[in-house]
Amino acid sequence: MPRRRLAFALLLAAAAPAGADTIVKAYNSYRGPPYSDGNSGLAPELVRYVNRKLEGRYTLQLVSLQRRQLNQLMEAPAGFDGVALFLSPAFVGDVPRKRFHWSPAFLEDSNAIVSRIDNPVRYQGPASLVGLRFAGIYGNRYSGIDEYVGKSLTRSNAPDAMSNLRKLVAGQADFTVMPLSSFRYLRRQMDREKLAVGQLHLGDKPFSQFGRHFVLARGAGELAAELDKIAAAMPCDREWRRIALRYQFTVAACR
């Protein structure tokens, strides 16, 4: 290569942003609606939205996997490489936020107890669950429930929240815990499948409340700073609010 061309190429490389052309895997462990529904859903919309905001400095590439697979990646001895979507510290045992880097919350959500109308669970503490059959999702951690599995209650697992609603309607479980946002959205799917929503009882108060974040390895540097900036602005962004509301989510307060 002539010296002039080489010098020009080196100049362009030096001027390019540090993360330019860097592909980053974005892991989504919510494999059913409203997060993932074929080629649509909130997860692909979130990735497209963030990529527009990143403007080529980085490019997120969506990867869907089971929660237990994501847990393995995040706990790998070599460290976590990529970004996990929609998680909250309690989901991965990092309430002190010391193991991972957590962006500002870009969605607000809560977990609700869903049970059968003919045997409603009105949660007042662990004693409310004695002798019941709990329907969970493979790899998910349920603080306040897991501690009692095998002692005062039993747990069976399914790949997604919709499968657990089907189990409730069929009488194969007594209750499940799921995001209120998911329950609102999945009621439409239950109608399409002609499943009787009227057989289900939604708890009177949230089982837990939490925000949803981008999660990266500590020391993720520039990428973490970019995603922090995007997440902090999302609650005030009309485009993001329209996307979130379309999927029955509550957006974090605009400040």
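Helix 180-192 and the longest principal axis of the Cα set of the chain meet at an angle near 70°.
If the chain between Arg184 and Ser128 were fully stretched, how many nm would it gain, using 0.36 nm times the residue separation less the Cα-Cα distance? Working shown, then result.
Values: separation 56, 0.36 × 56 = 20.16 nm, distance 2.41 nm.
Answer, rounded to one decimal: 17.7 nm.
Label reach from Asp146 (point 7 Å along Cα→C-beta): in the stretch 186-223, amide nitrogens under 19 Å belong to 207-213, 215-216. Can you return the lysines within cross-link range of Lys167? Criterion is Cα-Cα under 21 Å, with same-chain partners fewer than 8 residues away left out. The qualifying lysines are Lys194. Listed by chain and number, the aspartates and glutamates placed with their C-alpha closer than 18 angstrom to that of Lys53 are Asp21, Glu45, Glu222, Glu226, Asp228, Asp237, Glu239; residues fewer than eight positions away on the same chain are left out. For the pair the stretch 223-255 and the stretch 52-94, the centres of their Cα atoms are 18 angstrom apart. Could you check what % of the DSSP bridge pairs in the chain are antiparallel, to the nearest 5? In the chain, DSSP labels about 55 percent of beta bridges as antiparallel. Among the trypsin sites (Lys or Arg not before Pro) in the stretch 164-235, those placed in a DSSP loop whose Cβ has at most 14 other Cβ atoms within 10 Å are Lys194, Arg218. In degrees between 0 and 90, to the nearest 10, how far off the longest principal axis of the chain does helix 42-54 point, with axes built from Cα atoms? Long axis of 42-54 versus the principal axis of the chain: about 20 degrees. Partners of Lys98 within straight-line reach, counting lysines whose Cα lies under 21 Å from its Cα and excluding those fewer than 8 residues away in the same chain: Lys229. Axis angle, to the nearest 10 degrees, between helix 3-15 and the longest C-alpha principal axis of the chain: 30 degrees.
Beta bridges assigned by DSSP with both partners in the stretch 111-196 are antiparallel in approximately 45 percent of cases. Distance between the pseudo-spin-label points of Gln172 and Glu239 (7 Å out from Cα toward the beta carbon): 4.2 nm.
Counting each DSSP H run of 4 or more residues in the chain as -39500 (n - 2.57), what helix-only mean residue ellipticity at 222 nm follows after dividing by all residues, to the nearest 500 deg cm²/dmol? Intermediate results must be reported in sequence, preceding the final value.
Details: 7 runs with 77 residues, N = 255.
When only DSSP H runs of four or more count, the value is -9000 deg cm²/dmol.
Rule-based calculations on the coordinates, nothing more; no lab input. Please read all numbers here as calculations on a predicted model, not as lab measurements. Cβ: placed from backbone, ideal geometry, glycine included. Neighbour counts: every protein chain shown.
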